[in-house]
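Participant: Just passing along the structure, written as structure tokens.
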Amino acid sequence: MLCTQINIGREPYPLYMAKDLIVKLDSLLSSYIKNRFVFMLTDENVFNHYGKTIIDVLKNNGAKFDHFIIPSGEESKSIDNYRKIIDKLTDEKYNRNSVLIAVGGGVIGDLGGFVASTYMRGIDMIHIPTTLLAQVDSSIGGKTGINYEGFKNLLGTFYHPKAVVVDTNTLNTLPNREFIAAFGEVIKYGMLGDYNLLVDLDKNYVKYLNRDIDLDKIILKCIKMKEQIVIKDEMDLGLRQTLNLGHTFAHGIESSTSFNKFFHGEAVALGLLLAANLSFFLRLITADYYKFIKKIIYKYYSNLFEYKFNGEEILKSMAMDKKNKDNYITFVLPTDKEQVKVFNNIPMEIIRKAIAEVNYGFSCK
């Protein structure tokens, strides 16, 4: 078993990674949950695969154990589900010494983190990410959030878990589309600071798509890249904004399609394509690098390229992004291999033209 320390926040926390950790949670988490009220938050799909096992393993460790199941999907990251969970905690008299265990993907982590950070001004939380996207990105860093009135993560906090448990066997039960979706985030990390990762993703894409390559190294690589960025800017005031590469467009795509057309990683991949195109449009990157990025994205997401963007709806959604400044949309754009920069002075008409150019020209083959 790999155990590494995540040095973010006031109190560093451990990340455990190996196969079959879910059946060992009783010993692994004993010090965190012994004689405490334990509350598990998960979704329907994850509960069907692992719910009974986790309940059987953990129910005798805490003084009290209960769980709450939400529907799978981004639409569940809502104020209504937040209210239902708070009502459940209140009705069952969970106290400030309680522990919330979030078992699932990014939706569960974001929602569970928001609940844990706000219930009684904060209770302990443990992440058990079961999707590749959550394992490479969203389970660390401390961002929580829920969507509100059609806008992505409009309500949220910064709140770190006490521990993260990555059982890589959970990837075996992921549907193929959801598994592949996560590579949008992996490509992002390659663009941020590891060109060799992009080369690897390009060269071995068939093996990755067929799950013929062990992903432990990629998971750890992405986690450590994120850790090194967040250490320097925990509250997202400067350097950490670079982690939003592709995400301004992605959140606009998600919001404009009511959060029910794309997995988050798919939206990120399309967002990276739009960001790269905008960079090329502004002559920030070379034609060769732009073509290379497009080629990789096409290899993993060719099924998405029949979709036509609603450019005006995307712009409307992006205009509400919380990172915007002085009536300009804030973008993180690639400027070279392993280099990105934050821009908040790009005229709307140029953004509109860049979106239209991609919308009618998916020339990635």
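The values are calculated or read from the model by the stated rules, or taken from the named source; none is laboratory data. Treat the numbers as computed from the prediction; the structure is a model and nothing was measured. In this analysis, Cβ positions are derived from the backbone assuming ideal geometry, glycine residues included, and neighbour counts consider all displayed protein chains. Side chains are part of the model used for accessible areas, which takes the heavy atoms of the whole protein and leaves out ligands, DNA and RNA. Shrake-Rupley method; radii C 1.70, N 1.55, O 1.52, S 1.80 Å.
Participant: Return the residues of the range 1-17 that are open to solvent by less than 20 Å² (accessible area, probe 1.4 Å) and either in contact with a Gly (Cβ under 8 Å, 6 or more places away or on another chain) or within 19 Å of Leu171 (Cβ to Cβ) (or both); say none if nothing qualifies. Write out each step before concluding.
Facilitator: From the range 1-17, those open to solvent by less than 20 Å² (accessible area, probe 1.4 Å) are 6, 8, 13, 15, 17; that's our starting set.
Selection gives Ile8, Leu15, Met17.
Participant: Which ones in the range 306-359 are among the basic types (Lys, Arg), assigned to a loop (DSSP other than H, G, I, E, B) and over 20 Å from the mean Cα position of the chain (by Cα)? Let's see the steps before the verdict.
Facilitator: Within the range 306-359, the subset among the basic types (Lys, Arg) is 308, 316, 322-323, 325, 337, 341, 352-353.
From what's left, assigned to a loop (DSSP other than H, G, I, E, B): 308, 322-323, 337.
Selection gives Lys308, Lys337.
Participant: Related question: State whether one or more residues within the range 94-108 are of a type in the set (S, T, N, Q) and open to solvent by 10 Å² or more (accessible area, probe 1.4 Å).
Facilitator: Start the filter on the range 94-108 by keeping residues that are of a type in the set (S, T, N, Q), which leaves 95, 97-98.
Okay, now just the ones that are also open to solvent by 10 Å² or more (accessible area, probe 1.4 Å), so 95, 97.
Looking through the range 94-108, at least one residue is of a type in the set (S, T, N, Q) and open to solvent by 10 Å² or more (accessible area, probe 1.4 Å).
Participant: For the range 323-330, check the following and say yes or no: at least one residue is open to solvent by less than 70 Å² (accessible area, probe 1.4 Å) and among the aromatic types (Phe, Trp, Tyr). Before you say what the answer is, go through the steps one by one.
Facilitator: Of the range 323-330, the ones open to solvent by less than 70 Å² (accessible area, probe 1.4 Å) are 323-324, 329-330.
Next cut, among the aromatic types (Phe, Trp, Tyr) only: none.
No - not one qualifying residue is present in the range 323-330.
Participant: Kindly indicate the residue of the range 299-313 that is among the hydroxyl-bearing types (Ser, Thr, Tyr) and crowded, with 18+ Cβ neighbours inside 10 Å and also nearest to Arg352 (Cα to Cα) among those meeting that condition.
Facilitator: From the range 299-313, those among the hydroxyl-bearing types (Ser, Thr, Tyr) are 300-302, 307; that's our starting set.
Among the residues that remain, those that are also crowded, with 18+ Cβ neighbours inside 10 Å are: 300-301.
Numbers: Tyr300: 26, Tyr301: 23 Å.
So, considering only residues that are among the hydroxyl-bearing types (Ser, Thr, Tyr) and crowded, with 18+ Cβ neighbours inside 10 Å, the one nearest to Arg352 (Cα to Cα) is Tyr301.
Participant: To continue, here is another question. Does the range 82-93 hold any residues that are in contact with a helix residue (DSSP H, G or I) (Cβ under 9 Å, 6 or more places away or on another chain) and either open to solvent by 20 Å² or more (accessible area, probe 1.4 Å) or among the small types (Gly, Ala, Ser) (or both), and which are they?
Facilitator: Of all residues in the range 82-93, those in contact with a helix residue (DSSP H, G or I) (Cβ under 9 Å, 6 or more places away or on another chain) come to 82, 85-86, 89-90.
Tyr82, Ile86, Thr90, listed by residue number.
Participant: Turning to a different aspect of this structure: Among the residues of the range 149-166, what is the count of those that are modelled with pLDDT of 95 or more and either in a loop (DSSP other than H, G, I, E, B) or open to solvent by 10 Å² or more (accessible area, probe 1.4 Å) (or both)?
Facilitator: Residues in the range 149-166 being modelled with pLDDT of 95 or more and either in a loop (DSSP other than H, G, I, E, B) or open to solvent by 10 Å² or more (accessible area, probe 1.4 Å) (or both): 8 in total.
Participant: Another question about this same structure. If you scan the range 29-75, which residues turn out to be under 30 Å from Ala250 (Cβ atoms) and open to solvent by 30 Å² or more (accessible area, probe 1.4 Å)?
Facilitator: Glu44, Asn45, Phe47, Asn48, His49, Tyr50, Phe68, Ile69, Pro71, Ser72, Gly73, Glu75
Participant: Out of Lys322, Lys341, which single residue is at pLDDT below 90 and of a type in the set (D, E, K, R)?
Facilitator: Working: Lys341 fails: at pLDDT below 90.
Result of the check over Lys322, Lys341: Lys322.
Participant: Which residue is farthest from the chain's Cα centre (by Cα), if the candidates are limited to the range 167-216 and must be aromatic (Phe, Trp, Tyr) and open to solvent by less than 60 Å² (accessible area, probe 1.4 Å)? Spell out the reasoning first.
Facilitator: Kept after step one, since they are aromatic (Phe, Trp, Tyr), are these residues of the range 167-216: 179, 183, 189, 195, 205, 208.
Filter again for open to solvent by less than 60 Å² (accessible area, probe 1.4 Å), leaving 179, 183, 189, 195, 208.
Details: Phe179: 13, Phe183: 11, Tyr189: 12, Tyr195: 21, Tyr208: 19 Å.
Applying the filter and picking the extreme gives Tyr195.
Participant: What pairs can you find where one residue is in the range 92-103 and over 15 Å from Lys162 (Cβ atoms) and free of Cβ contacts under 8 Å to residues at least 60 places away in the same chain, the other is aromatic (Phe, Trp, Tyr) and part of a strand (DSSP E or B), and their Cβ atoms are less than 9 Å apart, with a gap of 6+ or different chains?
Facilitator: Glu92/Phe37; Glu92/Phe39; Lys93/Phe37; Tyr94/Phe37; Tyr94/Phe39; Asn95/Phe37
Participant: Separate question: Restricting to the range 262-297, count the residues that are within 21 Å of Asp137 (Cα to Cα), open to solvent by 10 Å² or more (accessible area, probe 1.4 Å) and assigned to a helix (DSSP H, G or I).
Facilitator: 1
Participant: If you take the residues of the range 219-241 that are aliphatic (A, V, I, L, M) and open to solvent by less than 20 Å² (accessible area, probe 1.4 Å), which of them is nearest to Asn344 (Cα to Cα)? Can you show your working first?
Facilitator: Going through the range 219-241, the residues aliphatic (A, V, I, L, M) turn out to be 219-220, 223, 225, 229-231, 235, 237, 239.
Next, from what is left, pick out any that are open to solvent by less than 20 Å² (accessible area, probe 1.4 Å): 219, 223, 230.
On the way: Ile219: 31, Ile223: 27, Val230: 21 Å.
Checking each candidate, the answer is Val230.
Participant: Among the residues of the range 246-261, count how many are assigned to a loop (DSSP other than H, G, I, E, B) and within 15 Å of Ala181 (Cα to Cα).
Facilitator: Pass one, the range 246-261, residues assigned to a loop (DSSP other than H, G, I, E, B): 246, 257-261.
Keeping just the survivors that are within 15 Å of Ala181 (Cα to Cα) gives 246, 259-261.
So the count comes out to 4.
Participant: Looking only at strands (runs of 3 or more DSSP E) that lie completely in the range 1-120, which have at least 3 residues being touching a strand residue (DSSP E or B) at 6+ places or on another chain (Cβ under 8 Å), at pLDDT 95 or above and under 26 Å from Val268 (Cβ atoms)? It would help to see each step written out before you state the result.
Facilitator: Numbers: elements: 2-6, 13-18, 37-43, 64-70, 99-104.
Strands (runs of 3 or more DSSP E) meeting the threshold: 13-18, 37-43, 99-104.
Participant: Is there a residue in the range 128-147 that is closer than 28 Å to Tyr301 by Cβ, of a type in the set (Val, Ile, Thr) and surrounded by fewer than 24 Cβ atoms within 10 Å (Cβ to Cβ)? Give the steps one after another, and end with the answer.
Facilitator: First, the residues of the range 128-147 that are closer than 28 Å to Tyr301 by Cβ: 128-141, 143-147.
From what's left, of a type in the set (Val, Ile, Thr): 128, 130-131, 136, 140, 144, 146.
Narrowing the set further to residues that are surrounded by fewer than 24 Cβ atoms within 10 Å (Cβ to Cβ) leaves 146.
Yes, the conditions are met somewhere in the range 128-147.
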